[in-house]
Structure formats: structure tokens, C-alpha cells
Amino acid sequence: MHLRQGTKVWVHDTDSAWLPAQVLEYSRKQVRVATASGNKVLALLENVFPRDADEDEHGGVEDMTMLAYLNEPGVLYNLRRRYALNDIYTYTGSILIAVNPFTKLPHLYDIHMMEQYKGAPFGELSPHVFAIADASYRAMMNGGQSQSILVSGESGAGKTETTKLIMQYLTFVGGRAASDDRTVEKQVLESNPLLEAFGNARTVRNDNSSRFGKFVEIQFDSNGRISGAAIRTYLLERSRVVQITDPERNYHCFYQLCASERDVEKYKLGHPSQFHYLNQSKVYELDGVSSAEEYMKTRRAMGIVGISHEDQEAIFCTLAAILHLGNIEFSPGKEHDSSIIKDEKSRFHLQMAANLFRCDLNLLLATLCTRSIQTREGNIIKALDCNAAVAGRDALAKTVYARLFDWLVDKINSSVGQDSNSQMQIGVLDIYGFECFKDNSFEQFCINFANEKLQQHFNQHVFKMEQEEYSKEEINWSYIEFIDNQDVLDLIEKKPIGIIALLDEACMFPKSTHETFSTKLFKHFLSHTRLEKEKFSETDFTLSHYAGKVTYHTDTFLDKNRDYVVVEHCNLFSSSKCPFVSALFPLLTEESSRSSYKFSSVASRFKQQLQALMETLNTTEPHYIRCVKPNSLNQPQKFENTSVIHQLRCGGVLEAVRISLAGYPTRRIYSEFVDRFGLIAPEFMDGSYDDKAVTLKILQKLKLENFQLGRTKVFLRAGQICILDSRRADVLDSAAKCIQRRLRTFIARRDFISIRAAAHSLQSCCRGCIGRKIFASIRETAAAISIQKYIRMCLMRHAYVKLYSSAIILQSNVRGYTTRQRFLHRKKHKAATTIQAHWRMCKVRSAFLQHQNSIVAIQCLWRCRQAKREFRRLKQEANEAGALRLAKNKLEKQLEELTWRLHLEKKIRVSNEEAKHVEISKLQKALDAVNLELDAAKLATINERNKNAVLQNQLQLSVKKKSDLERELVAMDEVRKENALLKGSLDSFEKKSTALELELVNARKDHDEMIKKMREFEHECSQLGKNVKSLEEKLSSLEDENHVLRQKALIVSPKSNHRGLAKSISEKYSSAIAPHTEQNPTFESPTPTKLISSFTHGFSDSRRSKLTAERHQCQILCLVCLLIPCVGQDNYELLSRCIKEDLGFKNGKPLAASIIYKCLHHWHAFESERTAIFDYIIEGINDIIKVRDDDIVLPYWLSNTSALLCLLQRNLHSNGFLTATAQRYARSSSLTRRIGNVSYEEY
């Protein structure tokens, strides 16, 4: 393929099959193109086909052999363009492609249109199905040879409608006027709705899909009038009678019967949902189709084709019996592997089936539940289990329906009548197209086998037409290869080792399974190029058909190929009192009645029918119509490229294109060729040569070799037209460039001259305008000066008079204002003198009171100093051993008493806190329970509403059952009462929720008030801290003297020092802190688990817990600031509280470690050789870790202990605690103050 930049091409696309594009860059193997949507794609050279540059100027060609490029995308988009214009018919040579419009086009099929196509030469008018029918009729009349019209396509493509139109046209051109209403033409036309009722059904793709193949042979006399007709059917889908899938339907006749009011009462029928053979799918009605009206049409068609009223009643009676037969159910009997009728309902349907078949009830029951086996000793009765009985019931239903359908076809043939003297016929074949689904079974195998046969016939016909075309034009075609699929047909039907032969052989043996069949199949054909073994299955095989590969599942091949005739079934119905039923089952011969089962191969019978059909087609001249379904949604004006290209491939249209491509696909009449490509060689266009000679000169100039010149046309091989178009495009490009160059020169010169003339005119106008403007301005200036002189004089006089009067008014106002200001100044001076006198008196009084308070404070300090001296003297006296022992005993008793009081107070606080926590948890649980009940009530209300909707639908469906309706109404009333109660409970729950929300709002208000109080408390604590610091400075001298006594007291009992001071301070400030905790019991220590759990309740809860944690930390810090200078039981309680509660972190530092370290330094615990306070701290930490063994406590205390260790190590090295004890004692007080100051700065 010759490509150049800018060449229009088709590029392959996975979504749209093919897209129009333009070449940007190209190399040997790849091409870079820009699609119509603007996307740039890099494609392989084999995925790119040339495109006609002029195709967008017209709406497609009527005959696709006239396409400039006969390839797959060209065919597809030609159909697409014509379909958009409602031109649904297109030729490919003599083949007609019909695209289903999915809408009514009545103007295409009226009598006027038939008259236009009657006798018109083929190809003269637009493509139409009437043109094919007329061509076949004219060929039959002119040549005396029988014709055949083959209509194919997938389900929903319009095959049945096309067949109807063909028969309608043939009856129009070959009909005759008759006094009898039952003419042959009417009988032929009315046979279609009758066969549709009994042979068509709804499938996934089509609402009126033919489930059988049909060949209608219309016979004509020597005058071209219809003299008879015959109908042959192929492969009726018998399994649909007993088994369907949703959303498909059974055959239309069953639903028409259930829609007839007279027959419903007569045959005890009802809605289709009441019958097993119909309710396997939930689709009972078709859109826009009335089953009752279709029933009347079927009845009318039966009358026209000659079926008597008695036979009509017998037909619908048989259909009703099949429906009742499907509702018979079985249950296990008393004996092993036996079955009986399940219940009274099944017995009723059995009775109705026996009555409608007019056979013996007990004999029908025995036929369904038992089998008789004939031996030499006599007959043996074998009982059937439930599964076998159901299988026998379904086999009986399928057999009855198949024989009923065959009877209808025979009756139509006998009623219409066949003309044995007719020498001319036109056969119309309406057969299923190639099928390839996700799951392909025996039916798809037979259908695709038939399509392979027809495709071979189609290829031969197309090749024959090509030969005729080449012979007519007198060109050499002997080297053109013929595409054949004989190897696939041999693989399927050849004896003795074809697939059908192996299948029949497997069906002969009772123990054969699909596994043994598949094994034998792979054994014989493993090396065959057309057959492959499926990778993920041991039994499935894949065949390479002309339309592609199809994988078949062999699970049901053997069962569907076996067509057993059960002797008991034949004997039962042959003895029926109904003549119609007994005629369906004639008596078997004696040899056939010896066995209970008579085997017949469905595949072999179908092969024989297909062979007879092919023999008939070979004796006729074929005409082909390929029906195409444009989309899978059955919507008008919607064209799916991928679906259409698949159907064209399955219908053999692309195969015909390949045959054409194998020869000379591009054909042009000499005049058309010269008109299009004559500009390539203009030197030969002077009229001295004819069109054929000019064509030869042009091809020789381009050095083309793959062409032949016929009598009236030039034939080009594939790819040659691309070279011609490329050369033509080059010539047109150069010519266009030359024209553009000359045109641009002319336009530029013309624009320059016009612009220059305009410039001269503009300059003269502008200069005159400017002169006039200058003169006018001079005159206006002189007039303005004169006017200004007089106006200024008037204005100055008026301004002077106004200024004179204003000055007089201002002077009078200023003088009055000055007088008033002087009076006010004197008044203010007198008042200020009075205020100064009172202020000086108040200042002297306050100075006197302050001096008096200072004297009182000095006296207090002096008395304190005297008390300290007295205290020092008493302490020196207490150094004696006896005095110390007595003091020790007294202190121990006071310690025990304080310890008891502390434990008591601690228990009371713990019990109060636990009670508060319990109460809070109860309230929280109650709130959660109320919320859960509220959600449950809402869900219950929704469920009850859904139940009400379901009950209302059930009420609409069960109108006839009055007793059940009354019970359901009572249940509905109860449900409504319950719904009302639930609504009341829902309202009460909403009221409770509202009350709880009000309580939450009140709690938040209390929380805000508590925060204000805590801030005031923090302010007081800071003031107290300052006072404590001043007291520490004053008591530093006392600490030096009491150092030795404190060390001894710590060794004996570290819990007994300064208890009085600690007790007073703790009693003083615990009372200040406790009320706040009692007022708001919801505040807790900010442990990680509580913070995480509270965060889930919302942002307000997390904020409240955060404020609580900060308040708690502030309380602890205040107590530490107050109690650190003393050592006592309350301080140990503070340490225990710091250890037990999670104080968290502040500024990235653990609070607990800092507080413990600070307390130990202020209590001088490091100066003793061994203190009990370290053991107390370690035991407390161990208890917390043991009690709360979770993932949060351990990391928390690891961080605290590591921080405490770092603080101890840093201060020990930096402050010299490792020196001698005497030096350490001397510097302890200053070190304590430094550490305290550092700790206060840190917090």
C-alpha cells in the first residue's frame, strides 16, 4: 500500500472496529495517524487500509462493488452512511444486505413500490428486497429454471419479516383473482403467522425469533401464476417446550391459549405463571403485542390454510394437555427407586391431562412411573424414580409437541396443495444464522454445520459470478484461487470418523458418556488444523469455522442427539379416543414394539435433511439476502460497528469481499476511469485516443503491471487504485498550489492599489479639516477674551460686597464667643481649686494609714523573729536523747492518727468518685441505648413500610383468592397498628433525645462556668506561689540549722516531718479544689484511653475532655507548688495520685516524671543513705503496670522513667552531688532553690 503524508486511511480500533484517520508519519512497519476525533495513534501497517478521499461527499454507494477500495472498513462505513439516511438495502454484486431499521417504513412496501419494481431491470432502481424477488421471478420466467432465495442473519436481524415481504411480492406478481377466499396465495401468506405461533419464541436478542429452519417452495405454472406450495422445516428446538431461561419465553401458542377466556374455562387453564413450563421465566407478555389478538389471528390463519374447526379444537386441547402434564410432580414411593404422584394438585393436573388426551388415567400414570422391558420369559415392569419420571414426563411433552408441529406443516402442505406438473419453483429459505455464544451446545453445532454448508454454496456462487464477470469482459482469471471450507465439512460429516459419526456411535452404547466421546474425538482429530482441544476443559473442543472459532461444550451432546421413541407413549396415545391424538401416534410395527426405546439420531437426520436441501439448492439459481442487526438494544438510528462487522463476517459478506480481493476487486468503466485519472497524463487527453487507449497510456506511465483491460472495464488488483489516487492527489496538490500562488498575487496587488487611492483621499480631507479647525479656534479665542474681561469685573464687585458684609458678622460673633470663654474659664478655675483641696486631704489620710500598717507589719516580723529564737532554744534542748525519744513516740502516734484519717478520707473520695463515674456511665449508656432504640425504631418503620409495599403487590396479584385476601387484610391492619405503636415509640424516643440534648447544653454551660472559676483559681495559685517563694527566702536560715534534725527524722520515718504545715495547707486548698470536682463530676484525668473513647462522641466531647485535662493538670501543679516545701502524708497521697493517674504531657515533657523529680529534690531525699520514698514510688509504678496491662500504660511509664532518669543523672553531675557529704550538706539549700526555680520556669 502506497502511503504519503495526508493520505486518508482506515485504522483499526478495539471499540469502534474501524476509525477514519489521516496519515501524519509512516515507516516500513508502523504508521502514525490522526483520527477524526483528534487523537494521534501509532498503528501497524497491516491494521491500516486506504480510504477514498471523496467518500464523504455522498451518502454511500448502492453497490459496494463500486467502492474505490473494497475492504472491510469501506463496506462497514458504506452501510453506516446509508443506514443513517434510512437506506436499509445495499447491494454487493447480486447479494442484498438488509439492515433492520427497528421502525416502521410503510412507504417502502406499499402497492406503489411493488408496481415500480415489477419488471424493472436489476440494478436500475435502488436496492430493495422486491428487486431480488423480481429478479428471481424474471429469471424463472425467462430461463425456465427454478430459483431460490436464501435469507440468513442472526436472531433479530429481520429474516422472518424479509421472508414475508418476498412471499408478499411473489403473490403480487404471480397471484390471480379467484372467487374462493382460500386461494393458494392467501394460504401461503397465512401460513407464516401460523408457523410463527407454533415455532417462534422470545429470546434474549429477539421477541419473535424463529426456533426452526424453514424452506418455502412456491410453485408456478407455465403462465407464471402460483399453482402450489410446499413447506419444509428443519431442527425444531424441542427442549424449549420443557425448559426456558429468564428472560426468554416458550412458544407463542401457549401464551395465546392462556389469553383466550373461552379456552381458559374450557381447559381449566389460568395465568401462565401457574404452569411449570411457562413460569421458569418471569416474562409473560411482549411489549406492544396482545396475546388475545394474536390468538384470534392464529385461529383465522388456521381457517385460511384449511384446518377444520374440530382439528383446531383438538390442537389447542393438546396444547392445554401439555401444560397440565408439566405441572405433574412426583415423590418417592414405598418401594426402592419408585415414584408416585406427589399431592392432590398434581393428581388434578394428571386427571386433566388424561381427559384432554382422552386416554386412560391409570395407563397414563403407569406410563409416567414405570417402564416395561420385554424378555424371552415375558414382560418385566420396572419402576422409575422421581428423576426418571420427570425426565419421562418432559420427553413425552417434547414428543407430543414435535409431532403436533410436524402435523401442522403437513396439514399446511396438503391444504395448500402441491402442483406435481409444475416445472418452475421459487424457494425461500429462512434459516438461522451463524451462532457463537458464551455457552455453545448441540443446537449451535447443528446450526453452524448448516451455515458451513450454505457458506460453501455461497462461496461457489460468488466465485461463479466472478468467473462470469471475467469471461464477459474476456480477461484471464485462471490463476485466481478459490477459498473453500470443505475440510471443515469433512471433519463434521465425513464417514466413518466424522464428528457426527462418532457422536452416533457413542449414542449407541448405553454406558457412553461425553467424556468417552470427547476422548475418542481428540484421539482421531488431534492433529487436525480445524479442531482444537480446550485448555481448561477435558471435554470441550473448538472448531475453526469460516466466521471464527467456536468452543462447544459436550455435556449434553449425547442426550440431545438421542431421539428415543418410548413404546409405552406411542401405545398410550395410539389408543386415545381422540382421533387427532391417535393420528399423531400411529401403531408401531411388531419389530419396533419389542424394545421400550427406539433410537434415532438427531444429527444424522438433520444431516440428511440438509443434504436434501443442498441438492434442491444446487438445482436452482440462488439469490442471497443477508439480514443485519444494527444494535443489540433494538433501537432505531443506532449503529454498533463491532456487532455489524461480526454479522458481516458470520453472514459471509466479508468472505465474498475476500473472494473479490483475490481477483480484481477494483473495476472501472473506461469513461469513469479517464474522467477521474485523466489529469495524471494530460498529454493524452487531446482527443486523438479513445478511452481504452488513454487508460492503457495512464497505467503505462505509472508503470503499473497488476491490471487487465476488458471489453468495457479496466480491472485492477488490490492496492493499485491506491497508487493511482496518490498520484492524482499529487497532481491536484501541485495544481492547487499554483492556483493559490497566482490568486494570492492578484489579491495582494488589488488590495495595495485600493489602499493607496484611499490614503490619498484621506490625506486631502484631513488637511482641509485641520485648516478649518485652526481658523475656528482663533476666532473663538478672541471672543472668549472679551467675554472674560466683563465677567471678571462683575464677579470681583460681587465678591467684594459679600466679603464686606461677612467680615462685620464675623467680628460680632468672635467678640461674643471670647466673652463667654472668659466666663467659663473663671468658673472651671474655682471648681478645680475645690477638688484639689479635697484630694490633698484624702492623700494625707491614706499615707497615714499605710504608715500605720507598715508599723504593724514590722512588729509582726519582730515578734516572729523572737519566736524563732525561742524555737531555736527549745530545739537545742530537745537534742537530748530522752527528749528525742519522747518526741519520736509522740510523732509516731500522730502519724498513725493522720494515716488513719488519710485512708478514711481517701476511701470517701474514692467512693464518691466511683459513684460519680458509675452515674456518668449509666447516663452515657442510657443515652446510647436511647439512640440505639431510636435507630432500631427507624429501621423497623422502614421495614414495615417495605412489608406494606410487598403485601400490597401480593394483594394485586391474588385478586381471585378471596379467603386469602381477607386474611392478608387482617394482617395488614395488625401491621398498621404495630406501625402506629412504633411511630408512637419513635416520638417518645425523640422526646427523650431532646431532653438529653437539653441536659447536655446545661452541662456545657456549667463547664464554661467551671473554666472561669479555674482561671480565677490559677490566678490565686500564682499569687500563693509568689508568697511561698518569699517565705522560703525568709526560712532559708532556719533550714540550715534544722538540717541535721531533718536528716535523722527522714532516716527513721520520712512520712513524719512537717505534718502540721502540710495538714494545714492541704486542708486549706483541698477545700478550694474539692467543690469544683463535686460540682462537675464529669471531669476525669486525661488518660489516653479516655481521650480516644471520648473523641468518637464528637468535637465538643473531645474539647471538653481537653479542658478537663488542663484543669486537672493545673490543680496538680497548684498542689505541688503549695506542698513541695513540706513532707507529709498528704504529699505522699499527691505522689500516689501522680503515679496512678495519667497526667499526660505538657510541651512535650511528661508531667509525672517532672513532679516526682521536683518533690524528691525539695524533700532532700537524695541526701539520705536510704529512704523509703523510693520504694514507695517503685511499688506504685509496678502496681499501675500490673493492674492496667494494655498498650498505652507501658509506653507512658517508659517515657516517664526515662525522663526521670535523665533528670537525676544531669543534676547529679552538674551540681556535684557525688562529693563528700559535708560539702553536699552545706550547699543543699541553695541547690534546692535553684532546682525549684528551674522547675517553676519549666512549668
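The values are calculated or read from the model by the stated rules, or taken from the named source; none is laboratory data. Computed from a prediction, not measured in an experiment: that's the story for all the values here. Virtual Cβ from ideal backbone geometry, glycine too; neighbours counted across all protein chains shown. These area figures cover heavy atoms from the full protein model, side chains too; ligands, DNA and RNA do not enter into them. Shrake-Rupley method; radii C 1.70, N 1.55, O 1.52, S 1.80 Å.
A few notes on this one:
- In order along segment 10-26, phi translates into HN-Hα couplings of 9, 10, 6, 9, 6, 8, 9, 6, 9, 10, x, 8, 9, 6, 9, 9, 8 Hz, rounded to whole numbers, per the Karplus curve 6.51 cos²θ - 1.76 cosθ + 1.60 with θ = phi - 60° and x for Gly and Pro.
- Segment 202-353 - Rg and Dmax from Cα coordinates, angstrom: 19.0, 72
- For Q700 and Q116, the FRET efficiency from 1/(1 + (r/R0)^6), where r spans their Cβ atoms and R0 equals 35 Å, is about 0.20.
- Qualifying trypsin sites (Lys or Arg not before Pro) in segment 906-982, DSSP loop, other Cβ atoms within 10 Å at most 15: K960, K961
- Segment 190-237 - Debye-derived log10 I(q)/I(0), Cα point model, q = 0.13, 0.26 Å⁻¹: -0.40, -0.96
- Computed lengthening from Q351 to D484, 0.36 nm per intervening residue step minus Cα-Cα distance: 42.1 nm
- The amide H of Q147, built 1.01 Å from its N in the peptide plane, has Q425, I426, G427, E621 as neighbours under 5 Å, considering only residues 5 or more places off or on other chains.
- For L42 and I669, the FRET efficiency from 1/(1 + (r/R0)^6), where r spans their Cβ atoms and R0 equals 25 Å, is about 0.05.
- Positive-end extreme of charge dipole, segment 219-374 - chosen from N362, Q274, F220 (charges on Cβ): F220
- Only lysine pairs 8 or more places apart, or on different chains, with alpha-carbon atoms under 15 angstrom apart are counted in segment 387-524, and they number 4.
- Alpha carbon centroid spacing (whole Å) that separates segment 749-822 from segment 493-526: 119
- Each label point was placed 7 Å from the Cα along the Cα-to-Cβ direction; for I942 and T745 their separation is 8.3 nm.
- Were the residues from H107 through N379 laid out at 0.36 nm apart, the gain over their Cα-Cα distance would be 91.1 nm.
- Pairwise label distance in nanometres, E978 with N1002, each label 7 Å out on the Cα-Cβ vector: 3.8
- In plain terms, the chain from T519 to V910 could stretch by 132.2 nm, reckoned as 0.36 nm per residue minus the Cα-Cα distance.
- Here the average projected area of the convex hull drawn through the C-alpha atoms of segment 874-1017 stands at 16.9 nm².
- Surface exposure of segment 1-51, expressed per residue as accessible area with a 1.4 Å probe, stands at 62 Å².
- Accessible area (Å², per residue) of segment 929-980, counting only protein heavy atoms and a probe of 1.4 Å: 76
- Estimated distance in nm for a label pair at K1012 and N618, the labels positioned 7 Å out from Cα along Cα-to-Cβ: 11.2
- For segment 116-128, the Karplus equation 6.51 cos²θ - 1.76 cosθ + 1.60, evaluated at θ = phi - 60°, returns couplings of 5, 7, 5, x, 6, x, 5, x, 6, 9, 5, x, 6 Hz by residue, with Gly and Pro reported as x.
- Per the Cα gyration tensor, segment 1-108 maps to an equivalent ellipsoid with semi-axes of 29, 14, 11 Å, ordered largest to smallest.
- Using a cutoff of 8 angstrom between alpha carbon atoms and counting only pairs six or more residues apart, the relative contact order for segment 1-51 works out to 35 percent.
- Based on Cα contacts under 8 Å between residues 6+ apart, segment 198-338 shows a relative contact order of 19 percent.
- Low-density loop positions, trypsin sites (Lys or Arg not before Pro), segment 413-467 - DSSP coil, at most 12 other Cβ in 10 Å: K438
- Restricting the calculation to Cα atoms, every distinct pair contributes to the Kirkwood radius of segment 1-51, found to be 10.5 Å.
- Over the C-alpha atoms of segment 669-775, the Rg to Rh ratio, Rh being the Kirkwood estimate, stands at 1.51.
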